[in-house]
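Participant: Got a structure for you, questions after.
Each reported figure results from applying straightforward, stated rules to the coordinates on display, with no laboratory input. Values in this document were obtained by computation on a predicted structure and should not be read as measured data. Backbone-built Cβ (ideal geometry, glycine too); neighbour counts: all protein chains shown.
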């Protein structure tokens, strides 16, 4: 996947490897989530002297020249000391962000239920799982256009 981009980045002293982006992971009696292939790019400015903006320019320039700019996106991943990016299919990034929103909705409702009512932990936290499922159902209902 994007071997030429990886070679360009490696030549500049920047780490770039194929991996996956996990999205929408949660468990409500069944495991939810998906894995999306991507290139993980990790640049240590203090080692390479390449800024985050310059890293974005290198990747963007490659994608434009290879006529892939409409297909791939650059996702910024926050880190205190490194410039970390994922190069991922735009459609996969859109799906991943949606799945993350669903997961966050479920988990927020699940943990809020446990916080509000410690007895919700009984029976394998079934009441908390129901609260999470209901929150996901409400989210799904909000997303459906009228």
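Participant: Using only Cα atoms and rounding to the nearest 10 degrees, what angle (0 to 90) does helix 52-65 make with the longest principal axis of the chain?
Facilitator: In the chain, helix 52-65 runs at an angle near 80 degrees to the longest axis.
Participant: Same structure again: To the nearest Å, what is the center-to-center distance of the stretch 81-106 and the stretch 29-58, using C-alpha atoms only?
Facilitator: Value for the Cα centre distance between the two parts: 11 Å.
Participant: Share of Cα-Cα pairs in the chain beyond 18 Å, in percent?
Facilitator: 64
Participant: I would also like to ask the following. Relative to the longest principal axis of the chain, what angle (0 to 90°, nearest 10) does the C-alpha long axis of helix 90-116 take?
Facilitator: 40
Participant: Quick one: length gained pulling residue 122 to residue 61 fully straight, 0.36 nm per residue minus the C-alpha distance? Numbers along the way, then the final one.
Facilitator: Values: separation 61, 0.36 × 61 = 21.96 nm, distance 5.51 nm.
Stretched out fully, the residue 122 to residue 61 stretch lengthens by 16.5 nm.
Participant: Ok, one more. Tell me, 100, 92, 117, 70 in order of fewest to most beta-carbon neighbours within 10 Å?
Facilitator: With the sparsest Cβ surroundings first, the list reads 70, 117, 100, 92.
Participant: Quick check: the angle from helix 122-143's long axis to the longest principal axis of the chain, C-alpha only, nearest 10 degrees?
Facilitator: 60
Participant: Using only helices, what value at 222 nm comes out for the chain when you add -39,500 (n - 2.57) per DSSP H run of length 4 or more and divide by the total residues, to the nearest 500 deg cm²/dmol? All intermediate terms of the calculation are to be shown ahead of the outcome.
Facilitator: Details: 5 runs with 76 residues, N = 146.
Helix contribution divided over all residues of the chain: -17000 deg cm²/dmol.
Participant: Taking the number of other C-beta atoms within 10 Å as the exposure measure, put 41, 102 in order starting with the fewest.
Facilitator: By the 10 Å Cβ count, ascending, the order reads 102, 41.
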